[in-house]
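Here the structure comes first, spelled out in structure tokens, and everything after it is commentary.
The values are calculated or read from the model by the stated rules, or taken from the named source; none is laboratory data. Just so it is clear, the structure is predicted and the values come from calculations on it, not from any experiment. Cβ sites come from the backbone with ideal geometry, for glycine too, and all protein chains shown count toward neighbours. For accessibility, only protein heavy atoms count, side chains too; no ligands or nucleic acids. Shrake-Rupley method; radii C 1.70, N 1.55, O 1.52, S 1.80 Å.
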Amino acid sequence: MEDGLIWKDLEGTPQQFGSKEVWNNIRNRNSTVDWANHIWFSQCIPPHLFHMWLVIKNKLRTQDRLAAWEAGSETNLRLMCCPLCKYDRDSRDHLFFQCAFAAQVWNNVKSLVDMSNVNDSWESIMDWMIQHANARKIDHIVCKMVVAA
Ligand SMILES: [Zn+2]
């Protein structure tokens, strides 16, 4: 018999060695979040999916978060302002709703899809997303894709 690679899974059962088997054994698994089906659906666009995940976790590199990190002595935080309206420091909520330009875009998009009952807040969007996470109606799938885009 030739030598071969064997991997013992979490139960100690020998398996064929493969990256999938190793990954499934070494990764940490947390419980599924209630918004998982909203961003991971069969029609989703992978770059949008990743961006949506950052938005939901509020991990975008926005100026309010950079200010909290103390970006260094060479960075003048007073010069930071939203690149769209030049008014305030950007943040997740500013970039999506509070900025005059972004609010105009969001309201136009909302009127094109069936989301007129969604308020201008991230919580309202997430409530809508969670309600329609498993929806198969084409209108709801388009809405989910539009929000992610
Ligand atoms: Zn702005």
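Working carefully through the options LEU95, LEU60, LEU66, LEU84, find the one that is within 16 Å of the ligand (Cβ to nearest atom) and either under 23 Å from ASN37 (Cβ atoms) or open to solvent by less than 30 Å² (accessible area, probe 1.4 Å) (or both).
Residue meeting the stated conditions: LEU60.
Can you name every residue in region 135-148 that is surrounded by 19 or more Cβ atoms within 10 Å (Cβ to Cβ) and either within 15 Å of ASN117 (Cβ to Cβ) or at pLDDT below 85 (or both)?
HIS140, CYS143, VAL147
Among the residues of region 34-55, how many are open to solvent by 90 Å² or more (accessible area, probe 1.4 Å), assigned to a loop (DSSP other than H, G, I, E, B) and within 14 Å of ALA149 (Cβ to Cβ)?
0
I'm trying to understand the selection: among the residues of region 1-33, which are closer than 30 Å to LYS144 by Cα and open to solvent by 100 Å² or more (accessible area, probe 1.4 Å)?
LYS20, TRP23, ASN28, ARG29, ASN30, SER31, THR32
Can you go through LEU95, LEU112 and tell me which one is aliphatic (A, V, I, L, M) and farther than 20 Å from LEU54 by Cα?
After ruling out the rest, the residue left standing is LEU112.
Looking at region 76-98 only, could you name the residues that are charged (D, E, K, R) and not in a helix (DSSP H, G or I)? Reasoning before the result, please.
First, pick out the residues of region 76-98 that are charged (D, E, K, R): 78, 86, 88-90, 92-93.
Within region 76-98, LYS86, ASP88, ARG89, ASP90 qualify.
Here's a check for you: in region 104-134, which residue that is buried (at least 16 other Cβ atoms within 10 Å of the Cβ) and over 16 Å from the mean Cα position of the chain (by Cα) is nearest to CYS44 (Cα to Cα)?
Selected residue: HIS132.
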